[in-house]
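See below for the structure under consideration.
The values are calculated or read from the model by the stated rules, or taken from the named source; none is laboratory data. Computed from a prediction, not measured in an experiment: that's the story for all the values here. Positions of Cβ are generated from backbone atoms using ideal geometry, with glycine treated the same way; all protein chains shown enter the neighbour counts. Areas reflect the complete protein model, heavy atoms only, side chains present, ligands, DNA and RNA absent. Shrake-Rupley method; radii C 1.70, N 1.55, O 1.52, S 1.80 Å.
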Amino acid sequence: MIKKAKEILGVATLEDISTLILQSHDLDETLNNIVSLVAKRMGTEVCSIYLLDPDGETLRLRATKGLSRRAVGKVTLKIGEGLTGLAVQEKHAVAIQDPENHPRYRYFKETREERFHSFLGIPLFDRDLPVGVVVLQTKDRRLFSAEEISALSTIAFQVASIVVNARLLDSIREKEEESKRFAQELARTRQNLLDRDKPQDSVGEAAMRGRVAYPGVVSGMPHILDESLGFADFLDEQKGNIEAEHQCLNDALEETRIQTLFLQKRVAERLSEDDAAIFHTHLMILEDRTVLENIRALIEQEHSAAYSLKKVFSDYIAAFARMEDPYLRERAADMEDIGRRLLSNLTGQGENVFELKTEGILVARQILPSDMATLDHEKILGIVTEAGEQNSHAVIMAKSLGIPAIVDVKGAAKNVKPDDFLILDANSGCLYINPPQHVIEEYRRLEEDSSRELNRLEEFRDLPAETGDGIRVNLRANIGLISDVDVAKRNGAQGVGLYRTEFPYMTRSNFPDRATQYELYSRVVDGFSGQPVTIRTLDIGGDKALPYFSPPTEGNPFMGWRSVRVSLDNRDIFRTQIEAILMAGLHGPVKLLFPMISSLDEISACKAVIKEAQSNLFRENIPFAKHVPIGVMIEVPAAVTLAEEFAQQVDFFNLGTNDLIQYMLAADRNNPLVQKYYDPLHPAILQVLNHVSKVAIKYRKGFCLCGEMAADPLCFLVLFGMGYRDFSMPAPYIPRLKALMRDITFPTAQRVARKVLTMKDSASIRSYLVEVLKTLENVS
Ligand code: PEP
Ligand code: MG
């Protein structure tokens, strides 16, 4: 018996659609899942999908539930042919009892459809373009009711969206294959571009400056991201028919939901689940009752759906953009991203951003997560944005992919024209537009040098990190997102010296539960098969906020309620995280690290939470690692003073010089105005690092330097001379350091360290170290 339309409409639930999309690997699988689901929901014996071939004229049976499977791919009809073709020709539903008696009926023996005596065909359209037909058939001799036709039309609308998106995904996959095959050809094209004669104008005028988000040098033509549907453009208000506008909004919401699910799937496949988590937030925005009620209220006042959408989203974007907290400020970009896609679906103007025909440098006012998800990564040589956020999700994704990027380039999107030739120097933060020939020559030489250098460094990847006199050092990776695991391994990292767990917390819309955290942490530990992974508990606050955890407004957040202080005040969250870490400890050598410790009381309090976590797991009969080493970050001055006492309470120290420098020298690590005061080679910093190493050696405790200074060759030389043997850094720096180490011996480094510890100012220390390194390189 055919089901009632109200029941049938349950198919429109997000869960069903999500399952369909997320569970299928390609278009055919998606179609098979759809026909089974629709037949079940509609209670019919047959559901089939015919799709239009690329010739735009032939409808081909692509999936069926109920007809003979052998007919799939074989049965074809022209538009207008048979009852199925009639539905496309007429652009509306065709519902017929006893179809075999209809003059337009065509019988295909492969289908064995003579058993079915009712027919309902609904055409699938993507905007005005036909996509195919969905057909229902039953054994009963009956006429489909208006209610059923309307239910199937709703489903057909979703099916069309799914098909369009799945096709897009398939074609992107094909293009990715293709672009790999033609990689060499494209490299040659790029070389030809470099050889092109360019107008001679002054470098000074043409160079634009920005801040480095990910280093590297690339050159090529620009891809200027089209934002014609951006919220910056004001839409004209039109009075609309209230009911029709509500319907348009609902259709656009549905289409955007499906699109977003596809984006989520693509990013999860290409990068990681963590990177894809942002699209979950987008889905939640689409479901947010207040947002939707506000839009609907404006439509009720006879505003068009587009205007209402634009108004509500703009207000949210403006509110987020005004927020003081940098993380929350960046959420304006999420609102804009999802809003832009919704608006584009509403107004029927798709953003055709998939079509990057050649490699190029992406130039945009800002790049949104969905842009990063939909563009062909292989074709993006570099990224330039006017927006200045270095921690935006899109930039984090670019870093994971190793794409050179600079941000905060004022006026870039306006000044760069489509046929300009660009050199992006993301080492120094410069963008050259049509530079003169001598600059092109210079960069060509640099590019050659750097690719030679990369080839040379490649050799070091799998070699041990060893000095000229055979002393082994551990070079580990600082990681945050799961995609960093691959980058770390590619660069030969010996495990993880610092896993910043706040990053996976940041990309979610709620605190991850214990099972989710366990899954995540154990994936990281498994990824390093047997090498140590130091997992640091949540270090939020300062410049790192969580979207779902609003901290109090503080005058001085870096000195405020952050890091372990937040954890200790939220014991359940803290204990849950520790439980997940202890559980992951069964997958490999995990170490547990507490950030921003400033007193012995805090160490005792953390240990008490570990005890609670152990008893909980024990009580629940959940296996966990019993002997996980416990360490503390040495990153506030008090920890330096109390290092001896701390050493008697913990197994290891991680020296967090990023914070230690800012707290010791009273120079905000993110404030460009005081950048010159923020100096790793300041004599006070070197004294303190020397002191901590001595304490750790005296008490036979591990000590790892995990601040950014570990990657600086000058600092490395001094630290090695002081006795440091464990370093953790962004992984791409590891091969370079391995190469440098070959030129260093311990006696030389020790002599250098002793000398700089007697020096009184950082300028002389720096120039002395530069000279030493030069001589070492010349000697080798
Ligand atoms: C540090 O402070 O040096 C450190 C490594 O931690 P973060 O940069 O996450 O504060
Ligand atoms: Mg820190």
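With the Cα gyration tensor of segment 579-628 giving a ≥ b ≥ c as the square roots of its eigenvalues, does the rule (a/c under 1.5 for rounded; else a/b larger than b/c for prolate; else oblate) give rounded, prolate or oblate? In terms of gyration-tensor shape, oblate.
The share of accessible area on segment 457-530 that comes from carbon and sulfur is 43 percent, using a 1.4 angstrom probe. Based on protein heavy atoms only, segment 496-545 ends up with 29 Å² per residue of surface accessible to a 1.4 Å probe. Accessible surface for segment 594-673, divided over its residues, is 43 Å² per residue with a 1.4 Å probe. In terms of its C-alpha gyration tensor, segment 663-780 has a rounded overall shape, because the principal axis ratio a/c (a ≥ b ≥ c, square roots of the eigenvalues) stays below 1.5. Under a 5 Å amide H cut-off, with hydrogens placed 1.01 Å from N, Arg365 pairs with Glu386 among residues at least 5 apart or on other chains. For segment 678-780, the set of GluC sites (Glu not before Pro) satisfying both a DSSP loop assignment and a count of at most 16 other C-beta atoms within 10 Å is empty.
Over segment 698-762, with every protein chain in place, what whole percent of the accessible area is carbon and sulfur at 1.4 Å, could you tell me?
After summing per-atom areas, the C and S share lands at 54 percent.
For segment 109-131 and segment 279-309, what is the separation of their C-alpha centers, rounded to whole Å? Comparing the Cα centres of segment 109-131 and segment 279-309, I get a distance of 35 Å. Qualifying trypsin sites (Lys or Arg not before Pro) in segment 699-768, where qualification requires a DSSP coil assignment and no more than 15 other C-beta atoms within 10 Å, comprise Arg700, Arg742, Lys760.
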